[in-house]
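Colleague: Got a structure for you, questions after.
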Amino acid sequence: MRFDILSPSPVYLEAYLDACRAAWGKVHDSYIIHNPAAFPAWKETIFADYEKQRLGISLPPGIVPSATFWLIEQANEPVCLGVLNIRLRLNETLRRYGGNAGWFVRADRRNEGIASELVRRLPELFERLEIQDDILLTCCEKNIPSRRVLEKMKGAILKRAVVEIDGKPTAVLRAVLPRNRQIA
Ligand SMILES: CC(C)(COP(=O)(O)OP(=O)(O)OC[C@H]1O[C@@H](n2cnc3c(N)ncnc32)[C@H](O)[C@@H]1OP(=O)(O)O)[C@@H](O)C(=O)NCCC(=O)NCCS
């Protein structure tokens, strides 16, 4: 599976919009994507908003700085396969549930190994972002595809816990990948 992990750029804005259309209504509740119907509004602010998120400017309470990447397949027309959001540091809430990364893959390209490949490339991305910490990934136990991705992470320590999400006790998995090991 070949794709580039790129910072959002106007060159790929249409491809990103298409990915949002292809995933709208088909992402886990914990992941927020842009509403394709509101494109005329968000296209004006998306890059400034991403920059503010990265630099931690005007973030709501409890939200940590994060960097967003678009997964781009370079075909005749570039295809945005999905989105990755990396939290640059963790707070207590994210340590319980949320972890360092959130992502989605467009619904018409799932089960092709894209998320598995993405996770394999996370250590290299952490290097690029100069994040020193171990990598923490979490998912709801019931989210089978995400769970499979976490279970396949070589070298990761996997733990189950029950945490409160939206007021309900929920079984979650946490995978911690120490930074001095690589995913094979
Ligand atoms: C979770 C998600 C990112 C997985 O992406 P993906 O590219 O389809 O994942 P992969 O192709 O690498 O597959 C990973 C594993 O899940 C399995 N899988 C994929 N889709 C599945 C499905 N619908 N049901 C059961 N297993 C599934 C695959 O078979 C694979 O397991 P295997 O290697 O043992 O065969 C994608 O389903 C998605 O975008 N979901 C909505 C957003 C979301 O839930 N994000 C995570 C929370 S932040």
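Colleague: Suppose the filter is touching a residue at least 24 places away in the same chain (Cβ under 8 Å), charged (D, E, K, R) and in contact with a helix residue (DSSP H, G or I) (Cβ under 9 Å, 6 or more places away or on another chain); does ARG106 pass it?
Modeller: Criteria met by ARG106.
Colleague: I'd like to know if region 149-169 contains one or more residues that are among the basic types (Lys, Arg) and in contact with a helix residue (DSSP H, G or I) (Cβ under 8 Å, 6 or more places away or on another chain).
Modeller: Yes - at least one qualifying residue is present in region 149-169.
Colleague: Give ALA175, ALA161 a once-over and let me know the one that is among the aliphatic types (A, V, I, L, M) and crowded, with 17+ Cβ neighbours inside 10 Å.
Modeller: ALA175
Colleague: I'm checking my understanding of the structure. Among residues of region 134-156 that are over 11 Å from VAL119 (Cβ atoms) and surrounded by fewer than 12 Cβ atoms within 10 Å (Cβ to Cβ), which one is farthest from the ligand (Cβ to nearest atom)?
Modeller: Among those that are over 11 Å from VAL119 (Cβ atoms) and surrounded by fewer than 12 Cβ atoms within 10 Å (Cβ to Cβ), it is LYS142.
Colleague: Under 6 Å by Cβ, and 6 or more places apart or on different chains, what pairs join a residue from region 143-157 that is free of Cβ contacts under 8 Å to residues at least 40 places away in the same chain and within 16 Å of GLY98 (Cα to Cα) with one that is among the β-branched types (Val, Ile, Thr) and within 11 Å of the ligand (Cβ to nearest atom)?
Modeller: These pairs meet every condition: VAL149/VAL119.
Here, each number is a calculation from the coordinates, and none is a lab measurement. Keep in mind the model is a prediction, meaning the values are calculated, not measured. No Cβ is skipped: glycine too gets one built from the backbone with ideal geometry, and neighbour counts run over all protein chains shown.
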